[in-house]
Amino acid sequence: MFDIGDFVVYKKDVCKIIGIKEKYYKGIDYFSLEPVFDNTLKIDVPKNSNLFRRILSKKEVEEIINRIPLISYIDMNDKMLENEYKRLLHEGGYDGLIKIIKTTYLRNNDRINSKKKISEKDETYFNLAEKYLYNEFAVSLGISSKEAKEYVINKVNELSKV
């Protein structure tokens, strides 16, 4: 299924499999993982864990990017919004992460234009959603997270012109 050198997403972090520990604990084989964007941490996870999955292919990333203009923002009152952000982050789906990014971006832009302070809650969820989305896109595309964000923005702007 997976081998040393493969990239996976463990929980929400992009990791590289750096080793296999046979019969490591209670006779179970474990993968040794290293988060790509934090090489100070090492994680040992049972090979049969359902907490990790394969990383997206380049083609899958492109398909998601092409869908971004069609993904709506979240339209609900402030009191319910944080619960929706939490739910979407917990689900970890790409459309949900994009909804959070779109919603928080629009809300913060409106606040800036109204000469108001940016919402700390929106800023926190915006940063988390961007981190999860762009870190995986970056590894799939073979570029940095910053370049992945720029790539997505440019592609979405191109799609919007069509």
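Just so you know, all these numbers are worked out from the coordinates, no wet-lab data involved. Keep in mind that this is a model prediction, so the values were computed, not measured. Neighbour counts are summed over all protein chains in view; Cβ atoms, including those assigned to glycine, are modelled from backbone coordinates with ideal geometry.
Computed quantities for the displayed model
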quantity: Difference of contour (0.36 nm per residue) and Cα-Cα distance, Lys12 to Glu63; calculated: 16.4 nm
quantity: Peptides ranked, highest mean first, by Cβ atoms within 10 Å: ranges 53-62, 136-145; calculated: 136-145, 53-62
quantity: Global size of the range 7-54 as Cα Rg and Dmax, reported in angstrom; calculated: 10.2, 30
quantity: Dipole axis of the chain (+1 Lys, Arg; -1 Asp, Glu on Cβ), positive-most option in Asn77, Gly5, Asn48; calculated: Asn77
quantity: Helix 145-161 vs. the chain, principal-axis angle (Cα, 0 to 90°, nearest 10); calculated: 50
quantity: Qualifying trypsin sites (Lys or Arg not before Pro) in the range 112-147, DSSP loop, other Cβ atoms within 10 Å at most 12; calculated: Lys115, Lys116, Lys117
quantity: Zone residues, the range 72-109, relative to Lys121, backbone N less than 12 Å from point 7 Å out along Cα-to-Cβ; calculated: 76-86
quantity: Relative compactness, the chain, computed as alpha-carbon Rg over 2.2 N^0.38 Å; calculated: 1.18
